[in-house]
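> Sending over a structure as structure tokens; questions will come in a sec.
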Amino acid sequence: MTILGIDIGGSGIKGAPVDTDTGRMLTERFRIPTPDPATPDAVADIVATIVDEFDCEGPFGCTVPARVENGLVYTATNIHEEWIDCKFDDLLAERTGRPVKVLNDADAAGIASLKFGAGVNCDGVVLFLTIGTGIGSALFVNGVLVPNMELGHLKLHGENAENYASARARVQYGLTWPEWAVRFQEYLDRVEYLMTLDWIIIGGGASRPENTDLYLHLLRTRAKLCAETLENEAGIIGAAFSARHLVNPHDAIT
């Protein structure tokens, strides 16, 4: 089943049609820079442009870097404040004329990982972390998603952990990957103090092999630790997969 997936990020909005039976993107992703300011209306216009770019009929899936419940956005930590209380699925349906599934970006990437990526053989309690502008998190218990786990907002040194240990923080403070790993280790220690995990999967731009080669061996966790193989494509793939139930209501999202 081919479904379009769209991933809204801090610097770019990307989309591609996905074979949701195999998790394979069928074309190169089409990317448009995220507008500034990134209001819901401005972002919806770009999403509509990406939808029109592909000959892909039917519903689509779209991620948002925020807490989302039934298409309603509740938070706006790294996005414009106008997102709060925005019924984004209705806005996108109006702009595109298509049904859409809207979900948290880390949840989408985690779904893709457990279905098609590094998480396929990970059982028990699995934490998927996206390391980018912030720290996104998706928690799975025996394969079932616990949605909207905003663990990037745990406190470290009196501030949100993602302000201290995200990829953006690494660039902001001019840290090498090994130097950043010291900060990220503090974050992992905090997470494992609060919960017992079987697996931790690192996704986002930090999961690229040229990056993980520089820091992954420096990290120590009680849980088994690995990097996501789908890299930055996971959000698009998970968004597309999450929309399957709009075609067939018997298809489970996770």
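> Taking K87 as the anchor, which lysines have their alpha carbon closer than 20 Å to its alpha carbon, excluding any fewer than eight residues away along the same chain?
Straight-line reach from K87, under 20 Å: K101.
> Rank the residues H153, H217 as a footprinting-exposure proxy: fewest other Cβ atoms within 10 Å of their Cβ go first. Can you show the working numbers first?
Working: H153 15, H217 11.
The most exposed by this proxy come first: H217, H153.
> Below 26 Å, Cα to Cα, which lysines can K155 reach? Residues fewer than 8 away in the same chain don't count.
Within the straight-line cut-off, K155 pairs with K224.
> Any idea what the dipole of segment 179-254 comes to, in debye rounded to 20, about its Cα centre with Lys/Arg Cβ at +1 and Asp/Glu Cβ at -1? Before the final figure, lay out each step's value.
Values: 7 positive and 11 negative charges, 39 e Å.
That gives segment 179-254 a dipole magnitude of about 180 debye.
> To the nearest 20 Debye, how big is the dipole of segment 118-229 about its Cα centre, given +1 on the beta carbon of each Lys and Arg and -1 on that of each Asp and Glu?
Working: 9 positive and 12 negative charges, 21 e Å.
For segment 118-229, the charge dipole is close to 100 debye.
> So, one more: Let's test the formula: R0 of 35 Å, r as the Cβ-Cβ distance of R222 and E179. What FRET efficiency results, to the nearest 0.05?
Numbers: r = 23 Å, r/R0 = 0.67.
It comes to 0.90.
> Are there chymotrypsin sites (Phe, Trp or Tyr not before Pro) in segment 101-191 that DSSP puts in a loop and that have at most 11 other Cβ atoms within 10 Å, and which ones? Intermediate values should be presented prior to the final figure.
On the way: sites: F116, F128, F140, Y164, Y173, W180, F184, Y187; in loops: Y173.
When the chymotrypsin sites (Phe, Trp or Tyr not before Pro) of segment 101-191 are filtered for loop state and at most 11 Cβ neighbours within 10 Å, Y173 remain.
> Let me ask you something else. Please report K101, K224, K115 as a ranked list, fewest other C-beta atoms within 10 angstrom at the top and most at the bottom. Walk me through the numbers on the way to the answer.
Working: K101 25, K224 13, K115 20.
Going from least to most buried by this count: K224, K115, K101.
> Helix-only mean residue ellipticity at 222 nm, the chain, DSSP H runs n ≥ 4 weighted -39,500 (n - 2.57), per residue, nearest 500. What is it? Can you show the working numbers first?
Numbers: 9 runs with 84 residues, N = 254.
Roughly -9500 deg cm²/dmol at 222 nm, from the helical runs in the chain.
> For labels at D213 and L194 in the simple 7 Å Cα→Cβ model, what's the distance in nm?
My value for the distance between the label points is 3.4 nm.
> Which one of D213, D89, D105 has the biggest mean-square fluctuation once the chain is modelled by GNM with Cα springs under 10 Å?
Between D213, D89, D105, it is D213 that shows the largest mean-square fluctuation.
> Just one of (i) 47, 38, 30; (ii) 68, 46, 29; (iii) 61, 39, 34 is Cα extents along the principal axes in Å as worked out from the coordinates here. Which one is it?
Computed from the coordinates, Cα extents along the principal axes in Å corresponds to (i).
> Test of understanding: ordering T63, T22, T49 by Cβ neighbours within 10 Å, fewest first, what list do you get?
Working: T63 29, T22 11, T49 15.
Listed from fewest to most nearby Cβ atoms, that is T22, T49, T63.
Readers should treat all values here as calculations from the given coordinates under stated rules, not as data from a laboratory. This is a predicted model, so every value here is computed, not measured. Cβ sites come from the backbone with ideal geometry, for glycine too, and all protein chains shown count toward neighbours.
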